[in-house]
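Here's the structure we're looking at; comments come further down.
The values are calculated or read from the model by the stated rules, or taken from the named source; none is laboratory data. What you are looking at is a predicted structure, and each value in this text was computed from that prediction instead of being measured. Note: ideal-geometry Cβ built from the backbone for every residue, glycine included; neighbour counts use all protein chains shown.
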Ligand code: HEA
Ligand code: HEA
Ligand SMILES: [Cu+2]
């Protein structure tokens, strides 16, 4: 495979990526686009911090600030953090369970392109008459009142990318249920696979309420429905509920895969089996389950009444227990291990105190009467950046270093990696620790400016400096990526030396058909088991070498997504009433989508076979087991 | 109960002084320096939970540091393959049980306080002779970037500056006239949303007279994003003892505002809308009335602490505001001066007159 | 997989829908989609319940005045029956009796189309009473809930027809058997949703 | 995939057994259908008969729930072996559905 790829021209490579259904390539697509959106969201964060650097600053106007703030939250959550995690899930999870690919390779590609086109659509709002400006939570009364098209961009963009995510979720769950290699029982699955599984289940149940809520909003704005119009009997609290029924599970969708990445890292770089594997699995499931019963903790001040507040307060607190189980199991994993401080590992080590700090402030917010003070203040901003940046973003950075060799066959520079780490880590605490106190001192969030001499000036300045540090860290990382790619020093199967799970048993990057022969799994950490038993191949095989059936590439996912993208513009401008071209655009877009879907379902697509002879050929060249 | 609360308050005050002597913000606005019973309760919860959380963090950090110190590969040698421990049900039990206990410790006051702070049963109870409790009710309406305060018992309305007596419960009925807002006076007590579809009710108690503060007022905030000028949707709170409060009410209730003094101010009054058109179309200048006005009631404008809720209270800012409201509160609903003045901006002289008139509107002396 | 492979009832697998890996994946994946749809409809139902009879002050039309049971009863019977006919189709699929399967699917489609026709008639009737989509929060919630169900019916019909036409010539094999199976699952799910619609919207609406 | 299905020719007895089994199953389906119709009739009559809402509402909701079980387990074959995972997901979905509905009917209007 690699030999074929090298011969390709640039255009052919692009075409290859636009039509690919290979989970490893889709992972790279997710990584690139998620990374891009992370930079965009980060840039918006920098704008926020510059504006709030000093009292009464006029760097951004009031309206622009709200757009920047809204787009920062939306971009980071939907277009950066989730896709980046999906990148790792795609790259690693099928390998970890010894699968040939995901269950629905075509849908995998469709999911990606929907996400990308949705994300592009959302961000085009900047150039086409204004971004959404009602916060990432898009509360109904304000969103309905918002002028211009910002909110429509939000609604339509998130709908499209939300479908993409839902598809990805279903796909992963089916993959894990159906495609595990022989011997890979549920209780032998690596933790990253487990967290992928639970997070995907959360996606399946959490995205529908969001989609429904967004549709209500679209109908209200476009067809004059009255879901949220109070004078017509509507009720804006419905939006809040639907949003948070999605929104709270969403934060666990983000953090569970992050936990999974860290679980892998702790075990690898302590050279030790995960302590309390069963408990970790159980805690993951429990967190997923609780995730659906606590959403109203975002609504303590709405006026739901003391009974509801008390119930949700207690339910929320309960989540601290399974999360604590995880924290302590990780601690006991490194306890008694042999710890080496590689870049991924220092991220993991930094994660523990950062996340615990963020988690305990979460529990403080769960105390409803206390939350009356904390809600919508900078304390909340501090809380969620501690869990998100200190949990999810650190995991993404760690995962990037950890899995880079597996995805690209070359290692990121360790020294630059550590520089990135220190800048980012110090900057992160500098930025957000102080925000707890800003909140306690009465500073509300989502303010575009503040009046001086309220005791907030110094703290805001410090916070802004911290953000600068983070930016420097990110820039060093970009440099690292470019340098590594240029140098392109190839590495073998298990570049970290202590890999434990199946993905480290095959070449980096793996051949496009993954395992030439499906492995037989004989226990938890199966690669480690083989290694300890001195098996040079790193795998025991479950089947003789034979033909492999592979799916065909397809361009249809791009077309389907493009159709919706076009249709969205039609829908959006149809609203204006004075644009006769809008309706045809809407219809043409939908037609493109439906016709390409029809083509897909009517045309038989049976895939192709890689013959045994070809595999033997590859094997001789050492491309299937990395022994070259 | 009340006695117990007093003790709590004392305790809260002391701990506030001790723990946060440095860096706990300003009295006018910081939740760390509570000036009301509700804020004090919440502050105590903050201290309690912080202590629990600190304990959790300390435990985690101790294990963590020990592990990192003891088990580095550089110390243990490169070749070591550690024992592959599976787990331990005893440890597992401990770190399940201890957090549960800690959470139970938090749960009890949480539930108690949740119900306690939501208790508005005495709202409509007539004050008994001599118990000193008058249980004032204020109807608050949140509007695009300003606040209206109606005192239904007294038939008076004011805006932007809430005036309340100390040492008694004040009940608030909150409703939004347009989009959702949230009513927050950080140093007095936690917030409650101001929804467009329903009236939310809660109470606060004000324990300190605002005249003791450097700025003479407590700061109130809108805490729910409500549009471009959400950041500027501030209000101020004047607290005074019952006697002063009664006087203020009486002054507000006077049907006829005090006659305007001085030529300039009279000219301003004229401009303001003596003939019923102009500013007066939206802004009332008498304290009596009901809620629902388009613009803030200006009866007490001269007594106010800020122009437009957040600008320094001087004529300069007032004139700036009148001549270009959008500059100071983007997206607010006040028309620009050309619309108000028949297509022409106000001249300097006219602005002076308006300012003189408005600054003279006062019910305090 | 070989598309031209011919099966006889004797060689036809017992569970044709999950005889291949693709079939197994589709089967599980489709059920997951149905689980997601359950939550989707729950959100719609929840909103409907919250907004039932809510409208501008002085609104006159309410659920109990609007809904009439005879029509709903007829629709219910039709849809339930179509559920049974699709079961018959699957019965014949398992017996590898392609013609009978197509026939029963045809009946199912006819019943589904009748249902849809009645629904359109019903909506049209309400609109003429002045109960349009923009009439009130109640009307928006009602039309969105019931209309989403109707859209599902429509989609199901198109799916049935597409499959029947596409495979008319080539008969049953393990490549298309999962597809037939899934659409019949979908049809049952639509029926399940309708059971709640007639109970929660119409019956409880008439009660008031 | 590598594991494509194998074709086996069944023996006559096996074949007849399967057919009989399926025919029997089909009879079972007919019974379920009859029950569904019956339950629907009860629900409609109960409403038409104008009993107290406090009585009717729980009853018709219960009847609807029974119908769902019939559809899922009989028409949609959830009763067959190897569908445990699927049933688990459907129940999870119903759980989320339930709390969503519960929340919106209890804490939206207060
Ligand atoms: C990855 C994201 C993530 C994660 C993991 C969490 C985790 C938690 N969150 Fe957070 N949260 C957000 C993202 C996240 N949150 C976001 C984005 C918002 C704001 C949204 C917005 O308004 O824009 C928010 C807001 C938010 C609120 C609403 C505040 C408000 O607006 O008023 C609340 C209230 O209860 C809360 C609570 C919690 C709790 C209890 C946890 C728990 O899961 C934490 C559990 C972890 C621990 C507790 C630490 C480890 C445990 C131990 C070491 C054991 C011992 C501990 C104890 C006994 C306490 N969060
Ligand atoms: C995954 C989620 C995520 C992440 C990673 C971040 C990351 C950051 N956030 Fe974010 N934030 C949110 C999610 C997230 N945030 C959400 C949901 C909100 C709420 C929004 C709302 O209220 O609606 C919010 C709100 C929010 C606020 C409050 C705004 C307000 O209430 O008014 C602030 C203020 O300081 C802030 C700051 C930051 C900073 C400094 C970072 C930093 O960690 C960012 C670090 C990254 C960089 C610094 C990258 C810089 C890169 C470059 C400079 C490269 C140059 C560019 C090119 C080469 C193209 N965020
Ligand atoms: Cu939450």
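A few notes on this one:
- Test: residue A:442 is within 12 Å of chain B (Cβ to nearest Cβ), within 16 Å of ligand 1 (Cβ to nearest atom) and over 31 Å from the mean Cα position of the chain (by Cα): yes
- Count of the stretch A:445-491 residues, restricted to those that are farther than 20 Å from residue A:65 by Cβ and within 11 Å of chain B (Cβ to nearest Cβ), is 3.
- Where a residue in the stretch C:5-19 is more than 8 Å from chain D (Cβ to nearest Cβ) and surrounded by 15 or more Cβ atoms within 10 Å (Cβ to Cβ) and its partner, wherever it lies, is part of a loop (DSSP other than H, G, I, E, B) and modelled with pLDDT of 80 or more, with Cβ under 7 Å and at least six apart: C:12/C:96; C:16/C:174
- Residues that are at positive phi and surrounded by fewer than 20 Cβ atoms within 10 Å (Cβ to Cβ) are absent from the stretch A:469-477.
- Matching entry among A:283, A:313, A:279 (being near ligand 1 (Cβ under 10 Å from one of its atoms) and outside any loop (DSSP other than H, G, I, E, B)): A:313
- Close contacts from the stretch A:603-628, counting a first residue that is closer than 30 Å to residue C:165 by Cβ and a second that is modelled with pLDDT under 75, with Cβ to Cβ under 8 Å and a gap of 6+ residues or different chains, come to A:604/C:3; A:606/C:1; A:606/C:3.
- Filtered residue count, the stretch D:43-58, keeping only those that are touching a helix residue (DSSP H, G or I) at 6+ places or on another chain (Cβ under 6 Å) and more than 13 Å from residue C:198 (Cα to Cα): 3
- A single entry from A:245, A:170, A:177 fulfils the requirement of being more than 16 Å from ligand 3 (Cβ to nearest atom), in a helix (DSSP H, G or I), within 30 Å of residue A:572 (Cα to Cα) and facing another protein chain (nearest Cβ under 10 Å): A:170.
- Considering each residue of the stretch A:372-385 in turn, at least one proves to be within 16 Å of ligand 3 (Cβ to nearest atom), within 14 Å of another protein chain (Cβ to nearest Cβ) and under 20 Å from residue A:43 (Cβ atoms).
- Scanning the stretch D:57-77 for residues that are at pLDDT below 85 and facing chain C (nearest Cβ under 9 Å), we see that the one that is nearest to residue D:97 (Cα to Cα) is D:72.
- Selection from the stretch B:61-89 of residues that are out of contact with any strand residue (DSSP E or B) (no Cβ under 7 Å at 6 or more places or on another chain) and in a loop (DSSP other than H, G, I, E, B): B:77, B:78, B:79, B:80, B:81, B:82, B:83, B:84, B:85, B:86, B:87, B:88
- Scan of the stretch B:184-226 for residues that are surrounded by 24 or more Cβ atoms within 10 Å (Cβ to Cβ), within 18 Å of residue A:237 (Cα to Cα), in contact (Cβ under 8 Å) with a residue 40 or more places away in the chain and within 9 Å of chain A (Cβ to nearest Cβ), ordered by number: B:223, B:224, B:226
- Any hit, the stretch B:236-255, residues being part of a loop (DSSP other than H, G, I, E, B), within 14 Å of chain A (Cβ to nearest Cβ) and within 30 Å of residue A:440 (Cβ to Cβ): no
- Residues located in the stretch B:100-115, provided they are within 23 Å of residue A:325 (Cα to Cα) and either within 16 Å of ligand 2 (Cβ to nearest atom) or within 7 Å of another protein chain (Cβ to nearest Cβ) (or both): B:100, B:103, B:106, B:107
- Residue A:346 buried (at least 24 other Cβ atoms within 10 Å of the Cβ) and closer than 30 Å to residue A:416 by Cβ: no
- Scan of the stretch A:344-353 for residues that are more than 19 Å from the chain's Cα centre (by Cα) and either at positive phi or more than 8 Å from chain B (Cβ to nearest Cβ) (or both), ordered by number: A:345, A:346, A:350
- Search result, residues across the stretch A:120-146 that are in a helix (DSSP H, G or I) and within 14 Å of another protein chain (Cβ to nearest Cβ): A:140, A:141, A:142, A:143, A:144, A:145
- With respect to being surrounded by 21 or more Cβ atoms within 10 Å (Cβ to Cβ), facing another protein chain (nearest Cβ under 10 Å), more than 26 Å from the chain's Cα centre (by Cα) and in contact (Cβ under 8 Å) with a residue 24 or more places away in the chain, residue A:329 falls outside the description.
- Qualifying residue in the stretch A:217-226 (condition: in contact (Cβ under 8 Å) with a residue 24 or more places away in the chain, within 16 Å of ligand 2 (Cβ to nearest atom) and assigned to a helix (DSSP H, G or I)): yes
- Flag for residue A:543 being touching a strand residue (DSSP E or B) at 6+ places or on another chain (Cβ under 8 Å) and outside any strand (DSSP E or B): no
- For the stretch C:120-142, the tally of residues that are part of a helix (DSSP H, G or I) and buried (at least 22 other Cβ atoms within 10 Å of the Cβ) stands at 6.
- Residue match in the stretch D:23-35 (condition: at the interface with chain C (Cβ under 7 Å from one of its Cβ atoms), surrounded by 12 or more Cβ atoms within 10 Å (Cβ to Cβ), more than 25 Å from residue C:180 (Cβ to Cβ) and at pLDDT below 90): no
- Restricted to helices (runs of 4 or more DSSP H) entirely inside the stretch B:272-365, those with at least 3 residues that are in contact (Cβ under 8 Å) with a residue 40 or more places away in the chain and buried (at least 17 other Cβ atoms within 10 Å of the Cβ) are B:348-359.
- Of residues in the stretch A:369-382 being within 11 Å of ligand 2 (Cβ to nearest atom) and in a helix (DSSP H, G or I), the one surrounded by the most Cβ atoms within 10 Å (Cβ to Cβ): A:378
The rows are residues; the columns are (1) on the phi < 0 side of the Ramachandran plot; (2) more than 16 Å from ligand 3 (Cβ to nearest atom); (3) at pLDDT 95 or above.
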{"position": "A:257", "(1), (2), (3)": "yes, yes, yes"}
{"position": "A:261", "(1), (2), (3)": "yes, yes, yes"}
{"position": "A:290", "(1), (2), (3)": "yes, no, no"}
{"position": "A:308", "(1), (2), (3)": "yes, no, no"}
{"position": "A:330", "(1), (2), (3)": "yes, yes, yes"}
{"position": "A:335", "(1), (2), (3)": "yes, yes, no"}
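- Residue A:137 surrounded by fewer than 24 Cβ atoms within 10 Å (Cβ to Cβ) and either at positive phi or in contact (Cβ under 8 Å) with a residue 12 or more places away in the chain (or both): yes
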